[in-house]
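For reference, the structure discussed in these notes is given below.
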Amino acid sequence: MRILLFFPRGYDNTISTASVGTLAASMAPFGIASIAAVLRKAGHDVRIIDATLRFTIANREWARRITAWQPDIVGFSVITSHFFDAYNVCQLVKEIDRISGPCSAAFTRRGDASVFCATIRPSIW
């Protein structure tokens, strides 16, 4: 199965250069990297896109890049500051590819929101 895991930007991309806000929202996506390792070990073809350091790329372009790979499942994992970008990209992926799937949120014990939006191709049901 082809699985793409996306870690969104989480800050305003209209700023033309890196800012304190940009750097504060930038962190390594260790959670989805761990998930990717387990999925790869199970034999799945997995890609990770970390959008945090590519601040000039708009959400619609991320969605286009995601759908161009034609994954069976797309997972979005974020912290609170990334929520709106994650949800927006998830909706754009669904709009571009016209595939269905849930968008849901889970909250950690610390109160951070982790969003997992998935788009799933009907052919894998």
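The values are calculated or read from the model by the stated rules, or taken from the named source; none is laboratory data. Every value quoted in this text rests on a predicted model; they were computed, and no experiment measured them. Every residue, glycine among them, receives a Cβ derived from its backbone with ideal geometry; neighbour counts consider all protein chains shown.
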If only one of Ile73, Ile79 is at pLDDT below 90 and out of contact with any helix residue (DSSP H, G or I) (no Cβ under 8 Å at 6 or more places or on another chain), which one is it?
Ile79
List, please: which pairs have Cβ atoms under 9 Å, are six or more places apart or on different chains, and start with a residue in segment 64-76 that is closer than 10 Å to Asp97 by Cα and in contact (Cβ under 8 Å) with a residue 12 or more places away in the chain and end with one that is buried (at least 16 other Cβ atoms within 10 Å of the Cβ) and polar (S, T, N, Q)?
Ile66/Thr119; Thr67/Thr119
Options Ile57, Ile66, Ile48, Ile96: the member that is of a type outside the set (S, T, N, Q), surrounded by 12 or more Cβ atoms within 10 Å (Cβ to Cβ), part of a loop (DSSP other than H, G, I, E, B) and at pLDDT 75 or above
Ile57
